[in-house]
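Here is the structure we will look at.
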Amino acid sequence: MTGKLELIGVSKRYSVGERWAVQDITIRCAPGEFVVVVGPSGCGKSTLLNLAAGMLKPDQGRVLLDDRPVVSPGPERAVVFQEHGLFPWMTAAQNVEFGLKMKGIARSEREDRVAEALKMVHLSHSANKLIHQLSGGMRQRVAIARALILNPAVLLMDEPFAALDAQTRTLMHEQLQEIWDATKKTIFFVTHSVGEAVRLADRVIVLHAHPGRVRREIRIDLPHPRQFDSRDIAEIVRIVRTEIEDEVNRVNKELADEFWKPRKPADLGQLAGDMGSGI
Amino acid sequence: MIKALWDLTEQLGPALVVSLVRLSIGFAISLMLGTLVGVLLWRFTVLNRAFGPVLLGVQTLPSVCWVPLGILSFGLTEQAMMFVLVMGSTFAIAISMRDGLWTVPPIYHRAGTMLGARGLNYYRYILLPASAPVFASSLRQGFSFAWRSLMGGELILATRNHGLGYLLELGRSFADVHQVVAVMLVMIIVGMAVDRWLLAKLEQRVHRRFGLIT
Ligand SMILES: Nc1ncnc2c1ncn2[C@@H]1O[C@H](COP(=O)(O)OP(=O)(O)OP(=O)(O)O)[C@@H](O)[C@H]1O
Ligand SMILES: [Mg+2]
């Protein structure tokens, strides 16, 4: 079975003299494993994912897929981007088809596989719509179909559902579980949401910010498919959340100190009181 | 005024045809050249660093200033006319093309390479369509420069075939205000018509496709 993704001691900084965006990170994903990296905004999640995708080269360390070094982006490591990255000049179906076209696959086979992929993400009825005619959730589903159709060894997902409302996100989580169950792909997923991480993952990796480092790994031994409103999940979410809470707070405080002086709570109370009085 | 136009139609018709043929050929050439130069400047930072500022300088040169060089190089010929038109519009197209390519979101490049679009395929299927909105705008920009340059060239360059610019100059030499104003009106109308009914429409279609307007 293929799909073993390994990041071994990778470090990356965007320019010399700057601090490391990620530092000495080792993550090994077994074939078919669903690994979720969680951490606050700016802790290096996208950087890590881009390293795995081959979009960035590590300054130190190695990235291996099935024991072969990753040197450039390619269809065996399909990416679902933070901002979908679909091509607006193509229809949904053409976007999904594009990867196959680049592989030189015959048109008739492409059509069949596109239909199948769109069905998998429940979008058969929107095949001929342009991207701007789709809702946010539909766009992300097209992006997932576009990645899956390549039959990649691993699926790399960079906060694919961050911009969606809670209900849509839950729906997407259900569908992603369904897809993962059907395809048994290795999935490397990054997010800032602890709830999302615990819902989906076999293993959650908590990142530490500035520099980005692995802080903890937590195995989630709940069977799939999961009921997202179950007691077990809520409990694990609570544990992981406290685990990274102080980390998130530290980063937020740092950011606040860099950009503005935080208002004293008393001021905010005043403000809230004033807002009521005007009505 | 109307009467002057009417009297002129006999001359205006053929002159308009001459000008439009010149415009089509010249604009096509400068479009190809300008796009090529724009893409090269965008792709090779070294080139842009060396020639970018010069290009901007050359572009501020009024296009009629190319006439003397055109005459010295080609004599009073069609080639000289083309030279003026092409020099007057190529750089504007190149600059707007280059600037536009800079604004193409890098995510298309990342998504494209991830999906296996490499080399020529990348240019054909990703960069070319991705830059369509930019290209449409540079088309409009380029046309207005091309038309202006051609009219300027025709005004000064006396070639065998007579375009609109020549009629304008003729009107001046006969001190015929009606003719002068009438020819100017035709020039303005042609410029507006091509821009509004052809290029703006095209731009609108592209923008609609991309969801930039609804
Ligand atoms: N292209 C870049 N050039 C310079 N610095 C960058 C670049 N991209 C990211 N960084 C820096 O690297 C660090 C990690 O960024 P990254 O985008 O990986 O964070 P993230 O965890 O994905 O954040 P978010 O959750 O907001 O997407 C940040 O401090 C950021 O400022
Ligand atoms: Mg990110």
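Each residue of the range A:195-210 is assigned a 3J(HN,Hα), and the resulting list reads x, 4, 4, 5, 4, 8, 7, 7, 9, 9, 10, 8, 9, 10, 9, 6 Hz, derived from the Karplus form 6.51 cos²θ - 1.76 cosθ + 1.60 (θ = phi - 60°), x at Gly and Pro. Of all the options A:Val154, A:Val237, A:Val198, the one that moves most in a Gaussian network model of chain A with Cα springs shorter than 10 angstrom is A:Val237.
With R₀ set to 22 Å, the beta-carbon distance separating A:Asp232 from A:Asp181 gives a calculated FRET efficiency near 0.75. Here's how it looks for A:Arg216: its modeled amide H is under 5 Å from those of A:Val206, which are all 5 or more places away or on a different chain. In order along the range A:63-80, the Karplus-derived 3J(HN,Hα) couplings, from 6.51 cos²θ - 1.76 cosθ + 1.60 at θ = phi - 60°, round to 10, 10, 10, 6, 6, 10, x, 8, 10, 8, x, x, x, 7, 10, 6, 10, 10 Hz, and Gly and Pro are given as x.
For chain A, the longest principal axis of the C-alpha atoms and the axis of helix A:166-183 are separated by about 40°. Could you state how much accessible area A:Ile220 has, in square angstrom rounded to the nearest 10, with a 1.4 Å probe and all protein chains kept in place? The value for A:Ile220 is about 0 Å². Taking amide H atoms as placed 1.01 Å from N in the peptide plane, the amide H of A:Asp59 lies under 5 Å from those of A:Ser11, A:Lys12, A:Arg13, each 5 or more residues away in sequence or on another chain. Annotation: amide H of A:Arg203 within the under-5 Å range of A:Phe34, A:Val36, A:Ile220, sequence separation 5 or more or interchain, hydrogens built in the peptide plane.
Counting only protein heavy atoms and using a 1.4 Å probe, the accessible area of A:Glu174 comes to about 90 Å². For the range A:7-48, applying the loop criterion from DSSP together with a ceiling of 14 other beta carbons within 10 Å to the chymotrypsin sites (Phe, Trp or Tyr not before Pro) yields A:Tyr14. Note on chain B: with neighbouring protein chains present and a 1.4 Å probe, carbon and sulfur make up 70 percent of its accessible heavy-atom surface. In the elastic network of chain B, a GNM with C-alpha springs shorter than 10 Å, the most mobile of B:Thr159, B:Thr45, B:Thr90 is B:Thr45.
In order along the range B:84-98, the phi-based Karplus estimate (6.51 cos²θ - 1.76 cosθ + 1.60, θ = phi - 60°) of 3J(HN,Hα) comes to 4, 4, 5, 5, x, 10, 4, 5, 4, 5, 4, 5, 6, 5, 4 Hz; Gly and Pro are listed as x. Against chain B, whose longest principal axis is taken from its Cα atoms, helix B:132-156 shows a tilt of about 20°. Principal-axis analysis of the Cα atoms of chain A puts helix A:265-277 at an angle of about 80° to the longest axis.
Straight-line reach from A:Lys12: which aspartates and glutamates have a Cα under 15 Å away, not including same-chain ones fewer than 8 places off? Qualifying aspartates and glutamates at Cα under 15 Å: A:Asp24, A:Asp59. Largest GNM mean-square fluctuation across A:Arg169, A:Arg238, A:Arg107, computed for chain A with C-alpha springs under 10 Å, falls on A:Arg107.
Each label was represented as a point 7 Å from its Cα along the Cα-to-Cβ direction; for B:Phe51 and A:Val71 these points are 3.2 nm apart.
The values are calculated or read from the model by the stated rules, or taken from the named source; none is laboratory data. Here the structure is a predicted model, which is why all the values come from computation and not from measurement. Positions of Cβ are backbone-derived with ideal geometry, glycine not excepted, and every protein chain shown enters the neighbour counts. Quick note on the areas: whole protein, heavy atoms, side chains included, nothing else; ligands and nucleic acids left out. Shrake-Rupley method; radii C 1.70, N 1.55, O 1.52, S 1.80 Å.
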